Amino acid sequence: MLPRNVKIIDQVRAEALRRGIPAADVERWLELARPSALLTQGGDGPVVGAIRGPVMLPADAKDPKFPLIATIDCAALPADVTDLPLPADGQLLLFGWPEEHGYGQVMYVPAGVAVEEREQHLPGFSPDDEECAEVYAEIPQGDLHLTVDISLPYVETIPGPPWSPPLPGNPPFEEMTEVWKDVLNKVPDGPFSHGG
């Protein structure tokens, strides 16, 4: 884990213990923390990919089923920026519909493989189809910049009268979530998320 993330974990641990959360609960909860790569267009970190752009695929690759959303240069991502088993080089092409519950696919193009530009001939998507063109045009083109980050899974209690407490043996998620938010609000530089 990168030094910045270790510092955040240490600050969360210290604040949670200061608030009286049992040490064993704090440690179980912090085991869920993962390094992550935050990819944004407005960041000032190194460029690691792009939103939209040309669809560059090997000649023998099948046509994608969705429009191109982003391309990620795997070699531009530091090896320890996330704990996902990503390739060390090549390109990840992310295709999909920019909707809350949209569909998508990921295609990997290894480094050094000859590629050619493809037109986006997709079922239900055409540059001449106004509705599809409007949805796709809402995705702003541009570079993706890397910000090294750390993440936790989103935890929410199940509603009930008056609420449902965490299951026995689980860490105190609500209290730890508040500590996590309070510490991260004090950390500078700190979305498309990758990892965590």
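Rule-based calculations on the coordinates, nothing more; no lab input. Worth saying up front: this structure is predicted, and the values here are computed from it rather than measured. Using ideal geometry, Cβ is built from the backbone for each residue, glycine included, and neighbour counts are taken over all protein chains shown.
For GluC sites (Glu not before Pro), the sites in the stretch 1-38 that DSSP calls loop and that have at most 16 other Cβ atoms within 10 Å are Glu31.
For the stretch 1-54, the percent of C-alpha pairs falling in each 5 Å distance bin, counted from 0 to the bin holding the largest distance, reads 4, 15, 20, 16, 13, 9, 9, 7, 4, 2, 1.
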